[in-house]
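One structure is given below, encoded as structure tokens.
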Amino acid sequence: MSGQLLRLYIAGRTAAASRAIANLEAIVAGLAAEGQQIAIEVIDILERPQLAEDERILATPVVIKKLPPPVRRVVGDLSEHDKVLVGLDLKEA
Amino acid sequence: MAAQRVDFRQIVALASDAILILDGRGTILYANAAATALFGDPRTGLIGQDFGFVATPDEPIEIQIKHAGGKLVSADLRSVDMEMDGRTVTVAFLRDVTERKQAEAQMRLYAAAVDNTSEGIMVTDTTPAIIAVNAALSQITGYTADELLGRNPSLLQSGYHDPVFFRAMWRQLLDQDHWRGEIWNRAKDGEIAPQWVNINAVRSETGRVTHYVGVFSDISDIKRSEAQIERLAHRDPLTDLPNRLLFRTRLEQTLRRAKAGRTQVGLLLADLDAFRHVNDSLGHGVGDLVLCEVAARLTALVRPDETVARLSGDEFAVLIESDTGIETRASLMAERIIDALARPLALAGQQLFISASIGIATYPNDGDDVARLMQNCDAALYQARESGGNGYRHYARALSDYARERVMLISDLHRALADDELVLHYQPQVDMRQGRLIGLEALVRWQHPQRGLLGPNRFIRIAEETGLILPLGEWVLRTACVQALAWQADGLPFGRIAVNVSGAEIRRRNPVETVAALLEETGLPADRLELEVTETVVMDLREEAPAVLAGLKRLGLALAMDDFGTGYSSLAYLKGLPFDTLKIDMSFISGLPDDTASAAIVDAIAALASRLGFKVLAEGVETEAQRRFLLGVGCDLAQGYLFGRPAPAEEITALLERFAEAPQPSDDAPRP
């Protein structure tokens, strides 16, 4: 299961964005402990607005999983770790 | 029920919160009107878009909505999962919080400003308990925020202000919602410092006072500057003693205290004798050192609560207090001052001897206000100086007569010059051996309308002190020249007209030009004029004397040294000066011929002077015995009652006419 990438889109370093980053890192760390290697990329749409257009992002913070399909996105501060994993289709509901 | 369902949908559709219904993957199934507005997309545009899976905790979380117009909108997001039409959907509630976020940002800005200002800020409720402080307040007070929060602001009170002060502050705060002023607060370390405080009441929307905001500025620095300015205004920068201004204030306070406590006050004014000579001969640098040393010696004599001040140039003042016997205490202080100054000063590699004249006035004996005491003390000082210096005088009531007379004389003298009340008398100067008149000394008199004829000893000193000596001297010189010219025109030989010149006239900017102009104005030939300068004036002039005297001499007139023998000049020094005649002071003549000391001095002067090429004239010759003695030692020239008193011009005219008609025998004195 290598090569998985989660892209977290934020709009400026707001308090919610910081919480989302911390939560996502914790989630990924949890998965790593189970042998699942997942990389994180944080993208600030204020700095790269075209990416937001391309991804048709409606709200941030939002984490998007493209591979493996299906494409999934989860909005919010990602504090509900289990529900985030379900939403990203990384874990059975 | 169908109708009711439609109603629920309507409610959702029109709700003010944005509502999205998402499927299990986050795709938008429904968006109400508020959501359309929030996202800026037409509702149909939102349906089917991928908002994203939402999983929120119980509390709403904050997200950024990307509005279609490009801007970002902050929104609180809550979500709830529910069953709808047999499947699980998520209902997301979004509330626009952009304005609240902006207000929060504004608040953070304010908070940053408050925390970074150097002014201490305190917010209290109406208890009043402190509910917020900034960092600067902690810095100013020394208390941390935790130590301040919840406390009453009175914990900062220094005890410097009485309860009346704070009652007035609160009254104004309650009446007018603001107060400002200076408060001396106590910091945690106990240090009390002045703060400029602005307090404003904060009212709620309903108009009720909810808080007070106090802004505290540390003004210790300003106070320090004020103290510095105060110091400059009240201290003499050379000696650091109180100056006249502060001294008067202290005297005033001391008198007030004395009146309340029935104590006595002594005021001493000390004037250094002949201090001008120190400055003139050794320079102002040495003069300043002398003043500093005097200041130190005087300060050492008084108690710490008593005052020594420097009022001006070389005038010092000492203020003492006593429960009883102030006159004695003042005398003792004066003697201690005289003793303290008697020790020679070692300055600039030489020993300097100084002395002081001291005047004393006391409360309640000599006055009960500052002006009266200062004035009377000044009169006493004047008496001390007149008595030869290096001594002290108590103010005595008779002195006030003197002071009053002095003030009146000054104004009268102005008038005398303007109204021509001054007159000249002339005293013959004779050659005793040849029995002929050699000159007339012009002597000024004042025909005072109330006091009668006043001699120069009554007003010349005042003229010198007030600067009137210059116009007075010019008047004398002009009048004498005009009179001499009249006698000359009438064919009455008078020898030379001798006019006394004061130190002030010699020291003026252009003494030679002034005399030259008067000669030209009156038309008197210069060789008919003799100027008499006292030995003291010559000695005061020192280096300038030869040049000034030579300048006068070049005009063609004669020069006589007046009062010779009183000014301690050496004959060797005189040798270089262009005098024609030395006039031996009358104090040496009066003892002749019996007083052996006087006889020896006059004999020596006459012998040395003739060898140095000076003529010698004896002043104050009154007896035949004196005349014979003088002729015996070779002093041929004389002036005195024996030959004629000073007389008005008309009497002298008669005398001159007699001389012109019948010259006296050469071995006899001319007799008017």
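Would a scan of the stretch B:333-348 turn up a residue that is in contact with a Lys or Arg (Cβ under 9 Å, 6 or more places away or on another chain), of a type in the set (D, E, K, R) and within 17 Å of B:Leu241 (Cβ to Cβ)? There is no residue in the stretch B:333-348 that is in contact with a Lys or Arg (Cβ under 9 Å, 6 or more places away or on another chain), of a type in the set (D, E, K, R) and within 17 Å of B:Leu241 (Cβ to Cβ). The residue pairs whose first member lies in the stretch B:142-165 and is on the phi > 0 side of the Ramachandran plot, whose second member is of a type outside the set (A, V, I, L, M, F, W, C), and whose beta carbons are closer than 6 Å, counting only pairs six or more residues apart or on different chains, are B:Gly142/B:Lys188; B:Gly142/B:Asp189. Exactly one residue out of B:Ile199, B:Ile229, B:Ile219 is at pLDDT below 90, surrounded by 14 or more Cβ atoms within 10 Å (Cβ to Cβ), out of contact with any Ser or Thr (no Cβ under 8 Å at 6 or more places or on another chain) and not assigned by TED's automatic domain parsing to the domain that holds B:Cys292, and it is B:Ile219.
Of the set (1) among the polar types (S, T, N, Q); (2) at pLDDT below 90; (3) surrounded by 14 or more Cβ atoms within 10 Å (Cβ to Cβ), all apply to B:Asn510 but (3). Does B:Leu608 satisfy being assigned to a helix (DSSP H, G or I) and closer than 20 Å to B:Gly435 by Cα? No: the conditions fail for B:Leu608.
Residue count for the stretch B:40-58 satisfying the condition of being under 20 Å from A:Gly87 (Cα atoms), more than 7 Å from chain A (Cβ to nearest Cβ) and touching a residue at least 12 places away in the same chain (Cβ under 8 Å): 2. Taking the conditions exactly as written (closer than 15 Å to B:Phe316 by Cα and at pLDDT below 90), does B:Ala384 satisfy them or not? Spelling it out, B:Ala384 is indeed closer than 15 Å to B:Phe316 by Cα and at pLDDT below 90. Restricted to the stretch B:106-192, the set of strands (runs of 3 or more DSSP E) holding at least 1 residues that are among the aliphatic types (A, V, I, L, M) and under 40 Å from the mean Cα position of the chain (by Cα) comprises B:178-186.
Residue-by-condition table, conditions (1) at pLDDT 90 or above; (2) more than 8 Å from chain B (Cβ to nearest Cβ); (3) surrounded by fewer than 20 Cβ atoms within 10 Å (Cβ to Cβ):
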site: A:Leu5; (1), (2), (3): no, yes, yes
site: A:Ala20; (1), (2), (3): yes, yes, no
site: A:Ala32; (1), (2), (3): no, yes, yes
site: A:Gln36; (1), (2), (3): no, yes, yes
site: A:Arg56; (1), (2), (3): no, no, yes
site: A:Ala59; (1), (2), (3): yes, no, no
site: A:Val62; (1), (2), (3): yes, no, no
site: A:Pro68; (1), (2), (3): no, yes, yes
site: A:Asp89; (1), (2), (3): no, yes, yes
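Go through the stretch A:71-85 and give me each residue that's more than 8 Å from chain B (Cβ to nearest Cβ) and over 12 Å from the mean Cα position of the chain (by Cα). Scanning the stretch A:71-85 gives a single hit, A:Asp82. Would you check if there is a residue in the stretch A:10-18 being within 12 Å of chain B (Cβ to nearest Cβ) and within 12 Å of the chain's Cα centre (by Cα)? Checking the stretch A:10-18: at least one residue is within 12 Å of chain B (Cβ to nearest Cβ) and within 12 Å of the chain's Cα centre (by Cα).
Every residue, every condition in (1) touching a Leu at 6+ places or on another chain (Cβ under 8 Å); (2) crowded, with 18+ Cβ neighbours inside 10 Å; (3) outside any helix (DSSP H, G or I), yes or no:
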| position | (1), (2), (3) |
| --- | --- |
| B:Leu38 | yes, yes, no |
| B:Gly48 | no, no, yes |
| B:Gly69 | no, no, yes |
| B:Ser74 | no, yes, yes |
| B:Leu77 | yes, yes, yes |
| B:Val80 | no, no, yes |
| B:Thr88 | no, no, yes |
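Taking the criterion of being in a helix (DSSP H, G or I), surrounded by fewer than 17 Cβ atoms within 10 Å (Cβ to Cβ) and out of contact with any Phe, Trp or Tyr (no Cβ under 9 Å at 6 or more places or on another chain), the residues of the stretch B:328-355 that qualify are B:Thr328, B:Leu332, B:Arg336, B:Asp339, B:Ala340.
Tell me, yes or no, whether the stretch B:561-572 has at least one residue that is touching a residue at least 60 places away in the same chain (Cβ under 8 Å), closer than 26 Å to B:Gly495 by Cα and not aliphatic (A, V, I, L, M). Yes, that holds for at least one residue. Counting only helices (runs of 4 or more DSSP H) that sit completely within the stretch B:231-306, those holding 1 or more residues that are touching a Gly at 6+ places or on another chain (Cβ under 7 Å) correspond to B:275-282.
Restricting attention to the stretch B:264-308, the residues being polar (S, T, N, Q) and at pLDDT 90 or above number 3.
Conditions (1) in the same structural domain as B:Gly349 (by TED's automatic domain parsing); (2) among the basic types (Lys, Arg); (3) buried (at least 19 other Cβ atoms within 10 Å of the Cβ), marked per residue:
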site	(1), (2), (3)
B:Leu251	yes, no, yes
B:Arg257	yes, yes, no
B:Ala260	yes, no, no
B:Ala270	yes, no, yes
B:His277	yes, no, no
B:His284	yes, no, no
B:Leu289	yes, no, no
B:Val294	yes, no, yes
B:Leu298	yes, no, yes
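Kindly check whether there is at least one residue in the stretch B:93-103 that is under 21 Å from A:Ala20 (Cβ atoms), part of a loop (DSSP other than H, G, I, E, B) and either within 10 Å of another protein chain (Cβ to nearest Cβ) or of a type in the set (A, V, I, L, M) (or both). Yes - at least one qualifying residue is present in the stretch B:93-103.
The values are calculated or read from the model by the stated rules, or taken from the named source; none is laboratory data. Model, not experiment: these values are computed from the prediction. Here Cβ is always computed from backbone atoms with ideal geometry, including for glycine, and neighbour counts include all displayed protein chains.
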